[in-house]
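Enquirer: I have a structure I would like to understand better, so I am pasting it below and will then ask my questions one at a time.
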Amino acid sequence: MSLFDTTPMTTASRGAVRAPLAERMRPHTLDEYVGQGHLLGPGKPLRVAIENDDPTSMIFWGPPGTGKTTLAKIIAQRTHATFIEFSAVLSGIKEIKQVMADAEKAAHLGSRTILFIDEIHRFNKAQQDAFLPYVERGTIRLIGATTENPSFEINSALLSRCRVYTLVGLTEAQVVELLQRALNDAERGLGASGITAEDEALATIASYSSGDARNALNALEVAARLVQGRKEKILTKAIAAEALQRRVLQYDKRGEQHYDIISALHKSVRNSDPDAALYWLGRMLEAGEDPMYVARRVVRMAVEDIGLAAPEALNLCLSAKDAMHFLGHPEGELALAQAVVYLALAPKSNAVYVAYNTVRGDIQATAAEPVPLHLRNAPTKLMKDLNYGKNYQYAHDVEGRVADMECLPPSLAGRHYYVPTSEGREKLLAQRMEEIARIKASKRG
């Protein structure tokens, strides 16, 4: 078979080898493709480019199993172009030059070539530069796939000649859809086997796939082999767990365990128990809980239970949330673990939480009084004539930089909401509040 022979291999030519389920179930058309609605929905940029036969080279950036190779093959099929798949792991300059020379000959004969490079970020600068003249002349249409940020891993010269499309991990519902399709498809999938699956079994596989369709289909194929040897050809949650080679924890993301375990995590942090906090965090993440849900709750703990006793806790938790989003499963989970341990060991204060709840109660229970005149701005003469801003004291101009001036509405004058604790940084805030009170008292005297 020549380099440009696109005739599919027959069963005979492959011998007795049968392609893996994930390869057999690879979509052939855009209608079969699942996910990436932000790019492939009606009127979306990539779909328009494909339908209009846009010859621009492109880079697909996204996590594994999101359909980067599949999209490249669909584009080649729709545009009747020769498709050459190139691995950055296995190829060097010599192979690149040979492929480019063959593509140039094909172009002279009126044949279009799509060169798909998997893991293009693994090519060094010299290897990437080798593509430039051919991309510029239109000899090839380059489609690169990468799991790394193209801004850092691909030469700016090559990147400027490509359009970058960002692919995202599939949702669990989309993965379940693909698994069910594989079970029903008698020609390419497992439909002829007579295997059926419990909804919980497919949901279990999907939850551990991390949005990777290839991983999910590989797990389904292993599970199907386990079912084949049983009397009842039903894929259960237990068999799915066996195929995944891990124990599936009892956990319902929408049920009682969801709320019980997050409650246990929160109360362990509040009680300064890092060991228990780590355990409950692990129980949630290992059971397939959405890590971004956990991250949101961890941020909530920082503001509710740590507060101004250790104000840096909030920044740490927000950074852990960003790290989880950036790294994904499982690497990002360590950032959440770090945040949880810090929160558990940090000094605790709910003073701001209590203060704000008291404020909300007063707002509901009292009239919405107008802003006192001395606190209002007076940008016009009429406002000045109406005493807007009269008797306002600019704190920077008075001794101690604290004015003896009431800033609450008259009915709430003198009300105190925030009462700092003696924990962590709040001990210093309490001292500052005492100092402010002494300054005001001295001015009244």
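The values are calculated or read from the model by the stated rules, or taken from the named source; none is laboratory data. The structure displayed is predicted, hence computed values, not measured ones. With ideal geometry, Cβ positions are generated from the backbone for all residues, glycine too; neighbour counts draw on all protein chains shown.
Enquirer: Can you name the residue in the range 160-182 that is aliphatic (A, V, I, L, M) and surrounded by 20 or more Cβ atoms within 10 Å (Cβ to Cβ) and, of all such residues, is nearest to residue 62 (Cα to Cα)?
Expert: Only one residue tops the list, namely 167.
Enquirer: When you scan the range 334-347, do you find a residue that is of a type in the set (A, V, I, L, M) and more than 28 Å from residue 310 (Cβ to Cβ), even just one?
Expert: no
Enquirer: Here's something else I'd like to know. In this structure, is residue 340 in the same structural domain as residue 265 (by TED's automatic domain parsing) and either surrounded by 15 or more Cβ atoms within 10 Å (Cβ to Cβ) or under 15 Å from residue 293 (Cα atoms) (or both)?
Expert: Numbers: in the same structural domain as residue 265 (by TED's automatic domain parsing): yes; either surrounded by 15 or more Cβ atoms within 10 Å (Cβ to Cβ) or under 15 Å from residue 293 (Cα atoms) (or both): yes.
Criteria met by residue 340.
Enquirer: Answer yes or no: is there a residue in the range 94-107 that is assigned by TED's automatic domain parsing to the domain that holds residue 60, modelled with pLDDT under 75 and among the polar types (S, T, N, Q).
Expert: So far as the range 94-107 goes, yes, one or more of its residues are assigned by TED's automatic domain parsing to the domain that holds residue 60, modelled with pLDDT under 75 and among the polar types (S, T, N, Q).
Enquirer: If I ask for residues that are buried (at least 17 other Cβ atoms within 10 Å of the Cβ) and free of Cβ contacts under 8 Å to residues at least 60 places away in the same chain, which ones from the range 315-336 would you list?
Expert: Listed by number, the residues that qualify are 316, 317, 320, 321, 323, 324, 332, 333, 335, 336.
Enquirer: Please tell me if residue 268 is crowded, with 16+ Cβ neighbours inside 10 Å and hydroxyl-bearing (Ser, Thr, Tyr).
Expert: yes
Enquirer: If residue 393 satisfies every condition in (1) touching a helix residue (DSSP H, G or I) at 6+ places or on another chain (Cβ under 7 Å); (2) modelled with pLDDT of 90 or more; (3) assigned to a loop (DSSP other than H, G, I, E, B) but one, which is the exception?
Expert: (1)
Enquirer: Does the range 283-292 hold any residues that are in a helix (DSSP H, G or I), touching a helix residue (DSSP H, G or I) at 6+ places or on another chain (Cβ under 8 Å) and not hydrophobic (A, V, I, L, M, F, W, C), and which are they?
Expert: Scanning the range 283-292 gives 283, 291.
Enquirer: Tell me, yes or no, whether the range 406-429 has at least one residue that is touching a His at 6+ places or on another chain (Cβ under 7 Å) and either farther than 25 Å from residue 297 by Cβ or surrounded by 15 or more Cβ atoms within 10 Å (Cβ to Cβ) (or both).
Expert: Within the range 406-429, none of the residues are touching a His at 6+ places or on another chain (Cβ under 7 Å) and either farther than 25 Å from residue 297 by Cβ or surrounded by 15 or more Cβ atoms within 10 Å (Cβ to Cβ) (or both).
Enquirer: Can you tell me how many residues within the range 149-174 are of a type outside the set (A, V, I, L, M, F, W, C) and without any contact (Cβ under 8 Å) to a residue 60 or more places away in the chain?
Expert: Summing the residues that are of a type outside the set (A, V, I, L, M, F, W, C) and without any contact (Cβ under 8 Å) to a residue 60 or more places away in the chain in the range 149-174 gives 6.
Enquirer: Being small (Gly, Ala, Ser) and either touching a Pro at 6+ places or on another chain (Cβ under 7 Å) or farther than 24 Å from residue 63 by Cα (or both) is the filter here; which residues of the range 284-340 pass it?
Expert: Residues satisfying the conditions are 302, 307, 309, 310, 313, 328, 332, 339.
Enquirer: Could you grab the pairs with beta carbons closer than 7 Å, sequence gap of 6+ or different chains, first residue in the range 271-294 and under 21 Å from residue 205 (Cβ atoms), second one modelled with pLDDT under 85 and crowded, with 20+ Cβ neighbours inside 10 Å?
Expert: Note: pairs meeting the criteria are 288/207; 288/208.
Enquirer: Which of the residues belonging to the range 271-296 are within 23 Å of residue 350 (Cβ to Cβ), surrounded by fewer than 20 Cβ atoms within 10 Å (Cβ to Cβ) and not polar (S, T, N, Q)?
Expert: Across the range 271-296, the qualifying residues are 273, 274, 275, 276, 278, 293, 296.
Enquirer: Given (1) assigned to a loop (DSSP other than H, G, I, E, B); (2) more than 23 Å from residue 435 (Cβ to Cβ), where does residue 411 come up short, assuming only one miss?
Expert: Exception for residue 411: condition (1).
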